[in-house]
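First up is the structure itself, then whatever we jot down about it.
The values are calculated or read from the model by the stated rules, or taken from the named source; none is laboratory data. Fair warning: this is a prediction, and the values are worked out from it, not measured in the lab. Here the Cβ positions follow ideal geometry from the backbone for every residue, glycine too, while neighbour counts run over all protein chains shown.
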């Protein structure tokens, strides 16, 4: 399994690096051109996009990956059901725009939401082909499609921002991204699987029953992940949400973009060995360590360099985001480790457990954030970290119940990436304190020095104390190439 994981990661890794870089570039440029309230408005719209997307495939996309013997008739029925559902979601989003704008007391949201509604008519035409490619482990085609879509969408957003489009630059960038991605997936998928004009819901009952739990789990998961945005926007306003959004995106981008580097590959692989708990436990432990090796140094690095990273990337007007970046980096560490849980539950066909779990988490988040939001965005961020820590610990107990996860081996696998990242962060912060006594013409110079020293220190620690793991990864990469 490790070989296939590495092989799939090559393509998803390339896509992740390029997509993450392009999206960070978008935030860096637009952060200097747009107002804080523009990012706050887009944060409100993003909640709607995330929530509505849950329903566009009726939750059956992962069911297609999970079930290994779907017929062409079943896939055709699911395809047209997806199209119908997408059009319905678009209509609902369009009609509820005044209600959402009233909730936030932001009349400007109405037109933005009307534009965003177009996305949900477009997504279904290519979405199922993406899941079929994922099931067939065609990660090269997926990666090329994702890269093309992100690059063109970001380029359009930047061009519109320079033209003075304001928040519409972000909106049209999103529309372009989803449109291009859907067209490319549809063009590629249509050549290998052409949906027939066949529709029979009785033949896809098992997909829909799986999908109901998956859709429910996604909806409460998205609500849980976005309730902070909702309440900050409602009670603290667009500008406060804009400050929070910049910090959240800077921290969450590595998590949400790097995690699929492994988890997108892992789910179809886990699905193929779903009857072997031992294989799933070992695969999950290996995957978690790999995620930690990649993301821990990034997130610890964000903590110790936020004081100069935020001004360099976004400008001095975003200095209020610095403490949020440091707090939310701890959240990022926990989300890195929590996200793969879903791959295991889906592979085992236990979407019902995922739904119940996420429902409980969403309820607790909503109540906690509602009680604390009046204290400000930093209080919300700290609360988020505390809840994430509790969720993480309980999640390990859940996986022990589902697949017999060996807790000792799991935490032992995480220990070295965590320890090396902490040592690296302390070293980098010490150098930062020394550099603060030196006058530099620009903050870019000390930032580059800190990043290079941090990367060198982390690699040196791994090479000296865990060289075997690096050699193992290198060997697997070479075997996959041959």
* What is the number of the single condition among (1) surrounded by fewer than 22 Cβ atoms within 10 Å (Cβ to Cβ); (2) modelled with pLDDT of 90 or more that residue 38 does not meet? -> (1)
* Scan of segment 422-446 for residues that are touching a helix residue (DSSP H, G or I) at 6+ places or on another chain (Cβ under 6 Å) and free of Cβ contacts under 8 Å to residues at least 12 places away in the same chain, ordered by number -> 440
* Asked: Given (1) in contact with a helix residue (DSSP H, G or I) (Cβ under 8 Å, 6 or more places away or on another chain); (2) at pLDDT 85 or above, where does residue 137 come up short, assuming only one miss?
  -> (2)
* Structure fact -> Matching residues in segment 337-356 (touching a residue at least 60 places away in the same chain (Cβ under 8 Å), crowded, with 20+ Cβ neighbours inside 10 Å and part of a helix (DSSP H, G or I)) number 9
* Structure fact -> residue 107 vs (1) at pLDDT 90 or above; (2) assigned to a loop (DSSP other than H, G, I, E, B); (3) closer than 28 Å to residue 354 by Cα: all pass except (3)
* Residues in segment 403-414: is at least one within 24 Å of the chain's Cα centre (by Cα), surrounded by fewer than 14 Cβ atoms within 10 Å (Cβ to Cβ) and over 29 Å from residue 307 (Cβ atoms)? -> yes
* Check 371, 387, 398 and return the single one that is surrounded by fewer than 20 Cβ atoms within 10 Å (Cβ to Cβ) and either out of contact with any helix residue (DSSP H, G or I) (no Cβ under 8 Å at 6 or more places or on another chain) or under 30 Å from residue 460 (Cβ atoms) (or both). => 371
* **Restricting segment 95-104 to residues that are more than 11 Å from residue 48 (Cα to Cα) and without any contact (Cβ under 8 Å) to a residue 60 or more places away in the chain, the residue that is surrounded by the most Cβ atoms within 10 Å (Cβ to Cβ)** => 101
* Quick one: is residue 418 closer than 30 Å to residue 342 by Cα, free of Cβ contacts under 8 Å to residues at least 12 places away in the same chain and part of a helix (DSSP H, G or I)? -> no
* Kindly provide the set of residues from segment 386-409 that are farther than 22 Å from residue 329 by Cα and assigned to a helix (DSSP H, G or I), ordered by number. => 397, 398, 399, 400, 401, 402, 403, 407, 408, 409
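For a quick check of your reading: which helices (runs of 4 or more DSSP H) sit entirely within segment 199-316 and have at least 3 residues that are at pLDDT below 85 and closer than 30 Å to residue 374 by Cβ?
Working: elements: 205-235, 238-258, 260-272, 277-314.
So the answer is 205-235, 238-258.
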* Asked: Are any of the residues in segment 67-76 out of contact with any helix residue (DSSP H, G or I) (no Cβ under 8 Å at 6 or more places or on another chain), crowded, with 18+ Cβ neighbours inside 10 Å, modelled with pLDDT under 90 and within 19 Å of residue 130 (Cβ to Cβ)?
  -> yes
